[in-house]
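Peer 1: Quick one: the structure is below, questions incoming.
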Amino acid sequence: MPGRSGWSLVMSDRDDQKGEGQATGGTAPLSGASTEARIEALEAELQAAREEARRNQERWQRERADLENLKKRAAREQSETVKFANEAILKDLLPVVDNLERAVEHAQGGGNGQPLLEGVALVLRTLLDVLERHGVRRVETRGTRFDPAHHEAMAHIETVEHEPNAVIEEHQAGYCLSERLLRPALVTVAKAPGPKEPEPDANLAKGKGHG
């Protein structure tokens with residue numbers, strides 16, 4: 001059997017081995033926890049990166065849609081500008097048409113104005129053709145109902161020969177450029193007759209006379 005000193009050495013060695021075992025066993029859990037924390041941190045960073053990428057994608061899509069809308073609006077405005085570029089010039093030509101129409105009407109009343117009538121009528125037809133080629137059309141009035149979007153009432157006449165609100169006379173033609181009104185047609189509009197005033201009672205009038 002070992003002596004006291006031998007037992008002391010054996011116990012000392014066992015204590016050293018136990019201490020080493022405890023030290024080794026203690027570091028393993030610490031190392032595992034550190035790895036899990038690192039993985040969680042990386043996953044959090046990855047999730048944050050994905051979220052930022054999603055926001056960037058949405059922002060890019062919105063900006064692209066805004067750019068497309070801007071292009072469409074610019075193209076539409078350019079088309080409108082080209083479509084109505086000659087509006088002022090064509091509007092200034094309308095009084096010429098008015099004067100030619102009046103000249104034709106005046107010549108029709110004379111007996112020796114046939115050449116003048118034919119010449120003015122030819123100019124009028126030519127000018128109207130030019131206006132039509134540029135998209136100008138005359139506002140319809142004959143046989144139509146009054147339309148405040150295209151007509152301007154100069155007078156209202158009570159009549160039973162026409163439906164109420166019907167256009168019965170045109171004083172000045174109206175014109176449109178494509179769908180835009182250059183000027184309204186000046187017209188007279190029919191309206192229903194108002195209630196008739198009651199005729200005075202003849203007997204009542206005689207009674208007042210005797211009184």
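The values are calculated or read from the model by the stated rules, or taken from the named source; none is laboratory data. If you're wondering where the values come from, they're calculated on a predicted model, not measured in any experiment. Note that we place each Cβ from the backbone using ideal geometry, even for glycine, and neighbour counts take in every protein chain shown.
Peer 1: Criterion first (surrounded by 15 or more Cβ atoms within 10 Å (Cβ to Cβ), farther than 30 Å from A192 by Cα and at pLDDT 90 or above) does L177 satisfy it?
Peer 2: Values: surrounded by 15 or more Cβ atoms within 10 Å (Cβ to Cβ): yes; farther than 30 Å from A192 by Cα: yes; at pLDDT 90 or above: yes.
For L177, the condition - surrounded by 15 or more Cβ atoms within 10 Å (Cβ to Cβ), farther than 30 Å from A192 by Cα and at pLDDT 90 or above - is met.
Residue-wise test of (1) touching an Asp or Glu at 6+ places or on another chain (Cβ under 7 Å); (2) in the same structural domain as Y175 (by TED's automatic domain parsing); (3) farther than 19 Å from R183 by Cβ.
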residue	(1), (2), (3)
P95	no, no, no
L117	no, no, yes
L124	yes, no, no
L128	no, no, no
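Peer 1: I'd like the full set of residues that are in contact (Cβ under 8 Å) with a residue 40 or more places away in the chain and among the aliphatic types (A, V, I, L, M), limited to the stretch 122-136.
Peer 2: Those that are in contact (Cβ under 8 Å) with a residue 40 or more places away in the chain and among the aliphatic types (A, V, I, L, M): L131, V136.
Peer 1: Same structure again: When you scan the stretch 72-189 for strands (runs of 3 or more DSSP E) that lie fully inside it, which ones turn up with 3 or more residues that are among the hydrophobic types (A, V, I, L, M, F, W, C) and touching a strand residue (DSSP E or B) at 6+ places or on another chain (Cβ under 6 Å)?
Peer 2: Numbers: elements: 136-138, 151-158, 167-172, 175-177, 180-183.
So the answer is 151-158.
Peer 1: Does E87 count as among the acidic types (D, E), within 30 Å of A173 (Cβ to Cβ) and either out of contact with any helix residue (DSSP H, G or I) (no Cβ under 8 Å at 6 or more places or on another chain) or modelled with pLDDT of 80 or more (or both)?
Peer 2: yes
Peer 1: Please give the number of the condition N99 fails out of (1) closer than 25 Å to R138 by Cβ; (2) over 42 Å from the mean Cα position of the chain (by Cα); (3) among the polar types (S, T, N, Q).
Peer 2: So the condition that N99 fails would be (2).
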